[in-house]
Structure formats: C-alpha cells, structure tokens
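Single-structure report; data block below.
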Amino acid sequence: MKKIYLYPFWLRFWHLLNALLCLMLILSAISLRYSSNGNLLFSKNFGIYSHNISGILLTLFYLYYLLNSILTKNYKQYLIKLKGNYRNLLAQFQFYAIGIFADRENPFVPSEKKKLNPLQRVTYSAVMFVVMPVIVITGVMLFFPETAPDRVLGMGGVLPVAILHTMGGYILFAFMLIHIYLASTGKTISELLRSILSGWYLADDEREEETLPGTSTSVLLDENKRIFPVIFYNPLTIAGTFISFLSFGIIIFFIILALYSGHVAPYVGIITFIILPGIVIIGLNLIVIGAFLENRKRAAMGDSYTKKLPVIDLNNKKQQIATFVFAIVTLVLISFSVFGSFKAYEYTESDEFCGTLCHKIMLSEYTAYSKSPHSRVGCATCHIGSGADWFVKAKISGSYQVYAALMDIVPKPIPTPVENLRPASQTCEQCHRPEHFYAEKKYDFNFFASDEKNSPSKISLMLKVGGGSLETGKHTGIHWAMNISNEITYIYTDKERTDIPWIKVKNKATGKITYFTVPGVKVPPELFNSDNERKMDCIDCHNRPSHQYNNPNIEVNSFIADGNIDRSLPFIKMLAVQTLENYVSSRETSYNDIKTYITNYYKRNYPDILVNKQNELSQSIKSINEIYLRSYFPDMKVSWKKFPNNLGHMYSKGCFRCHDGKHVSPDGQVLSQDCKICHTIISQETPFTNGKIIGESLSFMHPGSADKTVKIKNCPVCHGVQRDSHIKGKD
C-alpha cells in the first residue's frame, strides 16, 4: 500500500465550503418553497437572507474554483476519453449498481494523473460545467430581475429563469445525495471522506492501471452470482432501472415534503404528478426494451439457453426472483399509478394550477378571482362542472391554451369564452336557486364628486331581486320575471352580446309568446338560427361573477367612504381617477407613477398639503396603487373597459341592452327603463339637497346637479367606455 497526494489544499478548501453553502441553499430553499408562510425550517426573513448570501458566496467560490482549475491544470481531470470510454463507463456503472454489493473490487484505480473514474468524469463535468453555471447565472438574474429577458416561450422572462433555477437546484440536490452515498463506498465507510479531508489516498501497490486487467462485463457479473436472468444485464435495462428508481425516489420525496409542509408550489406539482411519472414510465419501457434486445442478440449469437421470446420457468431460481420482483414492482407501480393519476387530475383541476402556472398570462384573472365572493369556489367547479363530457372538452381546450402560451400567441386580452360556457343551470344553480329568493335587497351607495371638497352623495335603495315559485305563492321581482315565470330567448349581433335587436318572451304558465324588436333595426335573416339564438340564463346578467374589473369611480368611492383615501385632500377623487386611467405606465412602476403625478399636483396648487397632511397623502397614494394593482393589467391589455359588467347599467349597457325604452312588441308593449321597475329609492342625499330626502318611492336625482338630463341619456353615455374612449391616450 502507498499514499498518493490526490487533493491539494485549495481543492479541499473549496470542496468543504461548497458543500456547506449548497446545504444551506437547499435547506433555505425547502423552507421557503414548501410552506405557505415560508417558515418551515427557519423564519422567512432568515431563509431569504441566508439563501441570498449563500448564493453570492457560492458564485464567488465557483469563480475561485474555475480560476484554480485553470492555473493548476486541474480541468484536465474532467476531460473525457472517447476511445474505450463506453466499456469503462459500463464497467464502472455496473460496479456501483451491482458489483459493490457482491464485494467486487472497483475497476478503477485512482492515480495522480487520473483522479476520477470514467463515470465521475462525465457526471462531474455535467454538474460543474453545465448545472452550476445554470444555477449561478439564473440566480444572478433572479437577484437582479432587470437582467432577465422580457419573454421566453410566451412567458415573462423571470418565470422561465425561476424554473431553470429550481430545476438546477433539484439536480444539484439529487447529485449531493448520490455523491454522499458513493463517498461511503471505499474499503471502509470513512476511507474516501478521510482522503478529501487530508488530501492523501491509500492506493494498492499491485493495481496501477485505470481498469483491472481483463476486466469485462462477464468478470464483473459472474453468471453464477447473477440475481436475475442474463438478459437483464445490459446497458439499456440498467439505465432504465436507474432512471425509474431515481425518478420514483424523487416523487416520494416531494410527496413527503408536500404532506409535511401542507403547501405545494405550482411547478413542484407539475414535476411531481405529471413530469416525473412520465419519466418513470420511460425508464420502465427501457428496462423491457433492453431485455428484449439483449434476448434477440443472444439468440442470434446461437446461445442455446436463449429462446426467440423470453420463457418464464419458475423452477429456475433466478427466474423465480425475477418474477417475484416483477410482480411486486408491478403492484407498487399500479398502486402509485392510481394515486398519481388521481393527484395529477386533482392538481390540474386546482386553482393553483389554473391561476398561477402561467403567472403573467393569468395574473389578471387570478387577482380578480382571489378578491371575488367566489374565491373559495374552485375554478373547475364553474368552468368545467361535473361530468366526463365537459371535462374532456375543457382538457382539449386547455391543451391548445398551453400551446398558445408556449408559442406566445395568446390573445391580449384573453376573450371571455361566452360561446363555450356551460349552462348556468349546471353550474351557478347548483348553489344559487332563484326559486328560493323572495325578498328585496337593500343597497347603500356612496358617491363623491370630482370637486375640491370631494362632495359626498348617498343613495339607499331596495333592489327587487325577487324570485320564488308558484307552489310557495311567493313570486315577484327580477328573477321571477326574467328567469322563472318566463323563458327568454334573444338574438345578438356582436360577440359580447351587448347589442340585442330581437327578443322572444315565452310565458311558461300560458305558453304565450311575445316578440320585442327595435323599430327601424332590421335583423339579418341569417341570424335566425339555433347557434345565434341564446336562451337567457344567469350569466347574461351576472357575466363577471368572479373576474370583475371595477371602474375606477366605484373603487375610489369605496376607498374614500372607508377612509382609506382621505376625503379632506382637495380634488383627491378627481386626481385618483385621472391617475388610474391616464398616468400609470406599468404595474411595476405604478406606485411611483401615482406618487409623482399626485405629489406634483399638490406641489403646484396646494403646497401646504405636502407639509400638513403628509401621512394622509402617503396612505391615500398607497390605496390608489392598490386599486390599480387590482384592476389594471397593461401587459395583457386588461381593464374594466375590456370586460364590462352587465350587472347594472351605470358603466356599461347592462340592463339597457334590453330595457332601453326602444324594444317594442307588435301590440305596443315597451321594455321600459323606468328606475322603479327594478329598484325602489328610499333615501337620497346630494350636494344640492338640503339634507337627506326620505320617502317610500323617490325619483332618482343625479348627484351632479338637479338639471342633469338623466331622462334623455342613459348612464353609460357619460360614465361608460363610450366617453372614456375619446380621452387622449386611452385605448
């Protein structure tokens, strides 16, 4: 035996620090990623700081490693010898996979010129010169997001960078586990560990060649010592076995982490339940294909023990073992396939998958959904519902959406799929039953004028929601007339169904049919077909139940009423709406854009506000920015203007699509737009009234002034998109 100095001090120093830093990065990443609050192993702040600092140090020490490798010519240890490399790789792999358990000698003997065996050269080269640069470069991009590309495969640049960084982390983690295990495979458990700490390796005097003389597959795998039939001992089958078991082990690891943390990041769910099971299946196929090809090869060579097709002989001990292992593995695979298939199905139906996977594309929908009354109702409950037919339709549609996202051909904004929505009776009415609605509902509205005092107005009214059934004897209101007592069919001339020139009303009790049309408007004959005749249901009015982007007036009024925007600030209502609609360039710069515009206005016109009401102004700016982040998504061209809400009639046609006073039946009936049909105003308070006016059924008074021509123009003419579309710089 003789000592060889294999590992110089600089390499041992780097190796130890690199191991500690990688361990810290892995632990902090697990702590941050596998818990909803980031406090799985450490506090969230400690996890973030330790991950960032460890990443910076790892990058510096990686550069230190590269520099020393070049100066000391250590890089030559990683050069892969092509001639005979396949045979040596196979021999080394078979030693680690099988020979080590049969107490065989390692076919590779380290020397000062060749420290790494063939398998180590390939693996270490991949890790040190592919995986590590990916982790370092993507880590720098995440630390400085402005360096990331704008778009990659249809996704925002930071997202694919994060995916690459995470995948690199998983590969590094798997490498460390295997590396630590193989470090224990010396003549004693601690032999190789002592070598990397001291630098010295105890070598055998009699073995100085890289590979044992005469070493071959047959020597390593003596037929008498094989556990399985000979056809399973081939490179393809062994590689398939390694791939399958490694992937399966990672799946188990992720499942345990998910169960422990109670939180799974969206991409981990895809990797665990969709990608890795596919890799396991590929590995299993390689096992079978390799055995089949090896069997054919041996049969062609005239092996007397090999038949054209494999033969199972349970009297043969090796085949008994192989059959038993195959049966157990098959049983485990089937069990986990059932579990994995269910989890994959469950995951693809989750809100996390729908809303956060394509983060930039679906950010607007998911943000609106998370703020809606249906935020605890799963996306799939409404968008798919029960039944296999709609599930299949949704998945086919979803496949194209994935393709569109990858190819960056997603329309902006994503149009509402009104033509493909499932009937409301199969979704909405599974929870909401108009037959059980009876009473009127009280609403209180707060309005603030765009004047210096932000003058308040208040209206309280009873909305005649109604509903009921003939059996109960309680039936009245909007739902009764529009959904229960009548079956309403209409024809529309635009994709959004806002222009409705023809309406058919069928009384369910008498069967009487009444048609309503707009005089002077001719409906093209080709529109009278089943595809274009729409039977009215909940979605025709409640068209934004979970993805609502409110007009800035609604949001600003609400925030002022709640005190989040200080009403004492002069013209704050006007400034808030103007800024939201005209002076914000992106979500990333929204706070600074809002702050700059409003601060400059007060600096020019009310400089004392910046001194005397600094806190109130700061809070108001934060609240205005919150409104922007809720309802404006310029990257996807999403705002309230692109998705009007039909529930009401102030900022879009809504009710006035039909109740415009223009739809007339042949016998002279008119679909009136009289306010009192749907709601009863019980009190009003405006700047020009002397206090609050209370009554049983008041006529509407415009908050702006008493002489507003509300009887001549519908609300959206002034308050809706039609007016705003003429503002300079608007969409």
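Every read-out reported here was derived from the displayed coordinates using simple, explicitly stated rules and does not represent laboratory data. Computed from a prediction, not measured in an experiment: that's the story for all the values here. Don't worry about glycine lacking a Cβ; one is built from the backbone with ideal geometry, like all the others, and counts go over all protein chains shown.
Fewest-first ordering of Tyr75, Tyr403 by other beta carbons within 10 Å of each residue's beta carbon gives Tyr403, Tyr75.
The dipole here belongs to the chain: it is taken about the Cα centre, uses +1 on the Cβ of Lys and Arg and -1 on the Cβ of Asp and Glu, and is about 760 debye. In the calculated pair-distance distribution of the range 341-430, the portion above 18 angstrom amounts to 48 percent of the Cα-Cα pairs. Given their separation in residues at 0.36 nm each and the Cα-Cα distance between them, Glu419 and Ile189 gain 76.1 nm when the chain is fully extended. The stretch between Leu202 and Gln614, if pulled fully straight at 0.36 nm per residue, gains 140.9 nm over its current Cα-Cα span.
Helix 552-561 and the longest principal axis of the C-alpha atoms of the chain enclose an angle of approximately 80°.
Projected label points at Ile321 and Ser558, each 7 Å from Cα along the beta carbon direction, are separated by 6.9 nanometres. For Thr476, nonlocal amide neighbours, meaning residues 5 or more places apart or on other chains whose placed amide H falls under 5 Å from its own, are Gly467. The distance separating the Cα centre of the range 362-413 from that of the range 658-687 comes to 37 Å. Each label point was placed 7 Å from the Cα along the Cα-to-Cβ direction; for Leu79 and Leu463 their separation is 7.8 nm.
Counting neighbouring beta carbons within 10 Å and listing from fewest to most, the residues Ile163, Ile681 come out as Ile163, Ile681. Fewest-first ordering of Val288, Val280 by other beta carbons within 10 Å of each residue's beta carbon gives Val288, Val280. Here Ile256 and Lys442 are evaluated by their C-beta separation; at R0 = 41 Å the FRET efficiency comes out at 0.20. Rounded, prolate or oblate: which fits the range 552-631, taking a ≥ b ≥ c as square roots of the Cα gyration tensor eigenvalues, rounded meaning a/c under 1.5, else prolate when a/b beats b/c? The shape class here is oblate.
Extension gain, Asn690-Gln401: 0.36 nm per intervening residue step, less the Cα-Cα distance, totals 98.3 nm. Quotient of the Cα radius of gyration of the chain and 2.2 N^0.38 Å, N being its number of residues: 1.33. Using the Karplus equation 6.51 cos²θ - 1.76 cosθ + 1.60 (θ = phi - 60°), what ³J(HN,Hα) coupling, rounded to whole Hz, does each residue of the range 533-542 give in order, writing x for Gly and Pro? Whole-Hz 3J(HN,Hα) from phi for the range 533-542: 8, 9, 7, 5, 9, 3, 5, 5, 9, 8. Taking the range 158-174 and a reference point 7 angstrom along Cα→Cβ of Ser125, no backbone N atom is nearer than 13 Å. With both labels modelled 7 Å from their Cα along Cα-to-Cβ, the Lys3 to Ser337 distance reads 5.7 nm. Amide H contacts under 5 Å for Val638: Phe633, restricted to partners 5 or more places along the chain or on a different chain, H placed in the peptide plane at 1.01 Å from N. Each peptide in 663-671, 240-248 was scored by the mean count of other Cβ atoms within 10 Å over its residues; highest first, the order is 240-248, 663-671.
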